Structures are given as structure tokens and as C-alpha cells.
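What follows is a set of notes on a single structure, which appears directly below.
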Amino acid sequence: MQHPHLLHIFSPTKYVSPFDINMAYEAKFDAVIPYCNVELDEIQALTQDTIFSRSPEGVRRTGIFIGGREFDLALKMLAAARAAMVPPFAVSVMADPSGAITTAAAMVALAEHWARKKGGGDLRGRRVCVFGGTGPVGVCTALLAARCGADVAIVSHQGRGAALVAADRLSRAHDVRLDGLDGSSATAVRAWLPDIEVLFSAARAGVEVVDADTLQYGHRLAVIADANAVPPAGIAGVGVKDKGKALALADGHELSALGALAIGDIKYKVHTALLQQMYAAPSPVFLSHDEAFATARDIVARQKK
Ligand SMILES: NC(=O)c1ccc[n+]([C@@H]2O[C@H](COP(=O)([O-])OP(=O)(O)OC[C@H]3O[C@@H](n4cnc5c(N)ncnc54)[C@H](OP(=O)(O)O)[C@@H]3O)[C@@H](O)[C@H]2O)c1
């Protein structure tokens, strides 16, 4: 085969996710080559081995995908790969560790859409909390919501201290201001939930972080979004297929619910669109959370409902 489309996947983890390999073949790459246990200081050499061996036409048909489990490490790896390019030997690079960036982009874009639909504007100035906000999906969700102008707090089931450590690290790395909240018990959550307008759950799969009684304290909630597809739901009462479904609290207050499959549908489209952009780009593109979010917003805006 002449000038095949090649995607090299660099991952700091023991395995490259089969999800990412499947998605790359679906996006029509001819070969997808995984590299495991990759360290940050190895990215430059790997990138330069990737670029210098191809013709000008081959370079256009080569991409690098950064996987793994950590958001900030993936961004550093993307930056290191970008810095290692020697034009005209330069290829496209996309980061999406654990699907976190495309999932967070989908979840925040959907929440923004439904917040607007419910009235009261988009996410600007809204009180937002992110359960599981110390994990990869949660970190990126918190960052994107903050970039939308929301007043964001990371929630940790290990308590406010752990949440503040993650919030502080993210705030300093990305020039945003995040707070931390205590998610260690229903009592702790009930103390601050009445102030929250948009609630994201990006906690570990199969873990309920907001039970049905606690949700009743969400008197100001406009949108709740749950990324977890593994029963039980992360937020009691949210169905995996919910796409802005109206959910009424006992006091009559109504909010919109977003479930994991509705989020996953947009995530899949964003992931595919970004891979296709790499595949077809006439000159190198560098794709991370900003590009993923812009794409998610676009896809959500074009949907009928
Ligand atoms: N819908 C989609 O398309 C899609 C795609 C990808 C991922 N997902 C889902 O998104 C969610 C987040 O993924 P991830 O990889 O970021 O998750 P993760 O790393 O497994 O966990 C995220 C956070 O959950 C919290 N957590 C762990 N055990 C907990 C417990 N027993 N009770 C409450 N919180 C607990 C931890 O934060 P603290 O210890 O600080 O609380 C952890 O950092 C998962 O449910 C995953 O399945 C959905």
C-alpha cells in the first residue's frame, strides 16, 4: 500500500485502550500502532521517529494520538509532541486520555444547551459542581465548565480537602478559579446542594453519588448530567437514555436530566469528528479540550432536540 494512513497511539499506561484502537479504524486509518508505558521524556524521540521516516505525502497521512488516564499528563505529551515537529516534517496530534476529553466536551455542551433551554441563560455565572471531579473525565468537565464562566466546584468522596487539592492544581495549571466541596456523605452534600444549579457526575462507574432523598435538596438545579452507564446510576433517577428529560422534585421544582448514553452518543460523534479531521487535514492540527468542546457544541447545536 502506498502512503497508508497511520495512527501512532502513545500511552503512558500498560495497555492502549481497545476503544481508541477501534475508533481509529472506524475513522478509516489503515493501521493503528499502539505504544505502551510511554514516558513524557520519550515523546520527543518517538515523535521524531514518526515524522522523519515519511515522504511529504506520507507525513500528511500520519497522526499521533495521546491516550492514558491522566488529563494533564496527556496535555503535556501533546505539547511535547508538537514541540518535537520539524517543519515540513509535522503531523497532527490529538489527546483524549481515557476518552475523558471527548466525554467531558459532550457532557458540558449538552448541559449548556439544556441550561439555556430551561431559561436563565447558559453556564455563565451558574453554580456548578462535579462529582468525581478528581478523575480524568471530572477534571476536564470542571475545566470546560469554568471556561464557560461557571462558578465551579470539584466534589470528592474523600472530603473537601481532597477536592481542594485537585481544584487548586487545576486552577493553577489552567488559569481558572475552582472550589472544592465535601462529597463524603449525604449529610455533607445536603449542606451545599441547595445552591447548585448544574450538577455533573463523573464519578467511578457503578457508584451512586447522589441518592434519591439527597436530590430533593436540589431546589435550584436546572440540569443534572450523569456520565456513568453502569448500574446503579451516579445520580438516582437519571436514566441512561435521558436527553433533557424533565424530572420533578417532590416540591414541584423541575430540572432536565442527561444520561450516559445521551452523553456517549455526542462523545462518539466528537471523537469520530476529531479523528476524521486528523485524517483529512491538509496541514497538521493539534486537538485537545478546546477543539473537542467546540466540536461538541457544534454537534449539539445541529441536533433537532
Ligand atoms: N458516557 C460516556 O460516554 C462515558 C465515557 C467515558 C467515561 N464514562 C464514565 O465517566 C465516569 C468517569 O470516568 P473516569 O474514568 O474519570 O472515572 P474514574 O477515574 O474511575 O473515577 C472518577 C472519580 O470517581 C471518584 N470515586 C471513586 N470511587 C468512588 C466511590 N466509591 N464513591 C464516590 N466517588 C468515587 C474518585 O474521586 P474522589 O475519590 O475524589 O471522589 C475518582 O477520581 C465513569 O462513570 C465512566 O464510566 C462515560
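The values are calculated or read from the model by the stated rules, or taken from the named source; none is laboratory data. Not measured: the values here are computed from a predicted model. When we count neighbours, we look across all protein chains shown, and the Cβ atoms used for this are built from the backbone with ideal geometry, even at glycine.
Going through region 170-185 one residue at a time, which ones are surrounded by 15 or more Cβ atoms within 10 Å (Cβ to Cβ) and either in contact (Cβ under 8 Å) with a residue 60 or more places away in the chain or not charged (D, E, K, R) (or both)?
Residues of region 170-185 surrounded by 15 or more Cβ atoms within 10 Å (Cβ to Cβ): 170-171, 174, 176, 178-184.
Scanning region 170-185 gives L170, S171, H174, V176, L178, G180, L181, G183, S184.
Given the condition at pLDDT 95 or above, farther than 25 Å from D290 by Cβ and of a type in the set (K, R), answer yes or no: does some residue in region 160-168 qualify? Yes: region 160-168 contains one or more residues that are at pLDDT 95 or above, farther than 25 Å from D290 by Cβ and of a type in the set (K, R).
If the condition is being among the small types (G, A, S), buried (at least 17 other Cβ atoms within 10 Å of the Cβ) and more than 16 Å from the ligand (Cβ to nearest atom), then region 241-284 contributes only S256.
Is there a residue being among the polar types (S, T, N, Q), over 18 Å from the mean Cα position of the chain (by Cα) and more than 16 Å from the ligand (Cβ to nearest atom) anywhere in region 287-298? Checking region 287-298: not a single residue is among the polar types (S, T, N, Q), over 18 Å from the mean Cα position of the chain (by Cα) and more than 16 Å from the ligand (Cβ to nearest atom).
Looking across V270, V238, one residue alone is under 25 Å from D20 (Cβ atoms) and of a type outside the set (K, R). It is V270. With a requirement of 1 or more residues that are among the acidic types (D, E), the strands (runs of 3 or more DSSP E) lying completely within region 154-227 that satisfy it span 179-182, 223-226.
Please find, within region 159-185, the residue that is farthest from the ligand (Cβ to nearest atom) out of those that are out of contact with any strand residue (DSSP E or B) (no Cβ under 9 Å at 6 or more places or on another chain) and of a type outside the set (S, T, Y). Looking at residues that are out of contact with any strand residue (DSSP E or B) (no Cβ under 9 Å at 6 or more places or on another chain) and of a type outside the set (S, T, Y), I get D175. Beta carbons closer than 6 Å, at least 6 apart along the sequence or on distinct chains, pair a first residue in region 217-235 that is at pLDDT 95 or above and among the aromatic types (F, W, Y) with a second that is outside any loop (DSSP other than H, G, I, E, B) and more than 8 Å from the ligand (Cβ to nearest atom) for Y217/R190; Y217/L193; Y217/P194.
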